[in-house]
Amino acid sequence: MNLKQMAGIEAAKYVKDGMIVGLGTGSTAKFMVDEIGRRVKEEGLSIVGVTTSKETERQAQELGIPLKGIDEVPYVDLTIDGADEISEDFQGIKGGGAALLFEKIVATYSKQCIWIVDESKLVKKLGKFPLPVEVIPYGSQQLVHLFEEKGFAPILRTTPAGDILVTDGGHYIIDLHLEEIADPMTLGAYLDQLVGVVEHGLFLNIVSTVIVGGEDGPKTINVPA
Ligand code: 5RP
């Protein structure tokens, strides 16, 4: 079985009747949403989903998963999402699929977060994967220049057709090619206070469980509190 699919199916077992479930975005999350859709249809699982992107919303609607917006629920019981990198101390980079803003909002209001990945996403330190920074279009070139001066090797994300990529929130993404992030907390705090930055892809102290798809089967890691 595909390792991403293995992690997605394993994570869907954590979903119980009556839960409000955050549905992540990306190729791994897609398998999890498929499995939840199957359980809704075949097992009569009764949940409400809160999606993190238009892409996941479309998929969940097609599968018949009942949905509500993040502002229509009091909280989210459990969010299951993919990740681009997870460090040894369980900090993460997300946003490779350009959904980081809505993903972080849903994760923030979730009681529990599970990340589903294949083994390739586990790293010693974060940073090989370019760090996405979601920015307001107005003034975005100024931020690109600022990041260049800082040595962050920024690249404004484009679509395969070569147009500037626009997120579901109507923003741009600047990917920072940092190679290694020595201190994610300090970098996150720096990015948080920049004018024009809406959010960044450092997901710090957010995940409670990591499910890794591997050749020997799915491995579940409970993150120490
Ligand atoms: C989207 C994300 C994804 O969860 C992340 O990019 C992992 O994607 P995939 O499962 O396709 O490898 O953060 O914004």
**Asked** Can you tell me which residue in the stretch 174-212 is farthest from Gly139 (Cα to Cα), limited to those that are free of Cβ contacts under 8 Å to residues at least 24 places away in the same chain and of a type in the set (Ser, Thr, Tyr)?
**Response** Thr186
**Request:** Check whether at least one residue in the stretch 100-107 is touching a strand residue (DSSP E or B) at 6+ places or on another chain (Cβ under 6 Å) and within 22 Å of Pro160 (Cα to Cα), and report yes or no.
**Result:** yes
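Could you tell me which of the residues Glu57, Glu88, Glu62 is in a loop (DSSP other than H, G, I, E, B) and either away from the ligand (no atom under 16 Å from the Cβ) or over 12 Å from the mean Cα position of the chain (by Cα) (or both)?
Working: Glu57 fails: in a loop (DSSP other than H, G, I, E, B); Glu62 fails: in a loop (DSSP other than H, G, I, E, B).
Unique residue meeting the criteria: Glu88.
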**Complete:** Scanning the stretch 145-171 for residues that are in contact with a strand residue (DSSP E or B) (Cβ under 8 Å, 6 or more places away or on another chain) and assigned to a loop (DSSP other than H, G, I, E, B), the one nearest to the ligand (Cβ to nearest atom) turns out to be Thr167
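Go over the candidates Lys111, Lys124, Lys128 one by one and state the one that is more than 15 Å from the chain's Cα centre (by Cα), within 15 Å of the ligand (Cβ to nearest atom) and surrounded by fewer than 22 Cβ atoms within 10 Å (Cβ to Cβ).
On the way: Lys111 fails: within 15 Å of the ligand (Cβ to nearest atom); Lys124 fails: within 15 Å of the ligand (Cβ to nearest atom).
Going through Lys111, Lys124, Lys128 in turn, the sole match is Lys128.
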**Request:** Restricting attention to the stretch 97-144, report how many residues are touching a Gly at 6+ places or on another chain (Cβ under 9 Å), under 24 Å from Glu10 (Cβ atoms), part of a helix (DSSP H, G or I) and not hydrophobic (A, V, I, L, M, F, W, C).
**Result:** 4
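Take Asp77 and tell me if it is open to solvent by 70 Å² or more (accessible area, probe 1.4 Å), charged (D, E, K, R) and over 13 Å from Asp34 (Cα atoms). Full working, then the answer.
Working: open to solvent by 70 Å² or more (accessible area, probe 1.4 Å): no; charged (D, E, K, R): yes; over 13 Å from Asp34 (Cα atoms): yes.
So Asp77 fails the test.
This table checks each residue for (1) closer than 25 Å to Gly217 by Cα; (2) in contact with a Gly (Cβ under 7 Å, 6 or more places away or on another chain).
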site	(1), (2)
Ala7	yes, yes
Lys13	yes, no
Ile20	no, no
Val33	yes, no
Ile36	yes, no
Lys54	no, no
Gly69	no, no
Ile93	yes, yes
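Among the residues of the stretch 131-151, how many are open to solvent by less than 30 Å² (accessible area, probe 1.4 Å) and either closer than 21 Å to Thr25 by Cα or of a type in the set (Phe, Trp, Tyr) (or both)?
Summing the residues that are open to solvent by less than 30 Å² (accessible area, probe 1.4 Å) and either closer than 21 Å to Thr25 by Cα or of a type in the set (Phe, Trp, Tyr) (or both) in the stretch 131-151 gives 6.
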**Prompt:** How about the stretch 17-28: which of its residues are buried (at least 20 other Cβ atoms within 10 Å of the Cβ) and under 13 Å from the mean Cα position of the chain (by Cα)?
**Reply:** Gly22, Leu23, Gly24, Thr25, Gly26, Thr28
**Message:** For the stretch 29-45, check the following and say yes or no: at least one residue is of a type in the set (D, E, K, R), out of contact with any Pro (no Cβ under 8 Å at 6 or more places or on another chain), touching a residue at least 40 places away in the same chain (Cβ under 8 Å) and open to solvent by 70 Å² or more (accessible area, probe 1.4 Å).
**Reply:** no
**Asked** Considering Leu63, Leu67, which residue is of a type in the set (A, V, I, L, M), in contact with a helix residue (DSSP H, G or I) (Cβ under 7 Å, 6 or more places away or on another chain), open to solvent by 10 Å² or more (accessible area, probe 1.4 Å) and touching a residue at least 24 places away in the same chain (Cβ under 8 Å)?
**Response** Leu63
**Message:** Among the residues of the stretch 1-49, what is the count of those that are of a type outside the set (D, E, K, R), within 11 Å of the ligand (Cβ to nearest atom) and part of a helix (DSSP H, G or I)?
**Reply:** 9
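The values are calculated or read from the model by the stated rules, or taken from the named source; none is laboratory data. Source: prediction; values computed, not measured. Neighbour counts are summed over all protein chains in view; Cβ atoms, including those assigned to glycine, are modelled from backbone coordinates with ideal geometry. Surface accessibility is based on the protein's heavy atoms, side chains included, excluding ligands, DNA and RNA. Shrake-Rupley method; radii C 1.70, N 1.55, O 1.52, S 1.80 Å.
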